[in-house]
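For reference, the structure is listed below as structure tokens.
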Amino acid sequence: MNVMNVMGAPEMLRTNPAHAGTAKISNLIPGQEIAVNDSSDKKMGTFETYLMNAVKEMNDQQLDVGRKTEQLITDPDSVDIHEVTTAMAKAQMSLSLAQTVIDRVVSGWNELSTNR
């Protein structure tokens, strides 16, 4: 007689602590370490903190494009054109995302203020 062992669903491989599940965080690439932030003692930031960090990151990307473009003009052999193009695309995307978020926050605020 063949007895089938009934088990629960297998645990999925977790590589990010933000993902749901109870399995331990594991590496996809052997030898590569994954930084795990312990969220038990982590203090949640404010909206202002998140917003300021996002604006700083966007500004850093814009400045990086400026540096790479200047380097391309002054010493063309020291920088790859693909790096400049990629940096420009990242900066454009982050600026577009910031603009969209700002527009939605402003329209949400206007909607809330008119619904008194």
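Highest mean first, what order results for 101-113, 75-87 on Cβ atoms within 10 Å?
Listed from highest to lowest mean packing, they are 75-87, 101-113.
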Quiz item: What net charge do the residues around L95 carry, taking every other residue with its C-beta under 13 Å from that of L95, with Lys and Arg at +1 and Asp and Glu at -1?
Solution: -3
Practice problem: Sticking with the crude label model, points 7 Å out along Cα→Cβ, report the distance from T85 to M52 in nm, one decimal please. | Solution: 3.8 nm
Exercise. Output ³J(HN,Hα) for region 87-93: one whole-Hz value per residue in order, computed from phi by the Karplus curve 6.51 cos²θ - 1.76 cosθ + 1.60 with θ = phi - 60°, and x for Gly and Pro.
Key: 4, 5, 5, 4, 5, 5, 5
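Calculated FRET efficiency, R104 and Q62, Cβ-Cβ r, R0 22 Å, to nearest 0.05?
On the way: r = 21 Å, r/R0 = 0.96.
The value I calculate is 0.55.
Here, each number is a calculation from the coordinates, and none is a lab measurement. In this text, all values refer to a predicted model and were calculated from it rather than measured experimentally. As a convention, Cβ positions derive from the backbone with ideal geometry for all residues, glycine included, and neighbour counts pool all protein chains shown.
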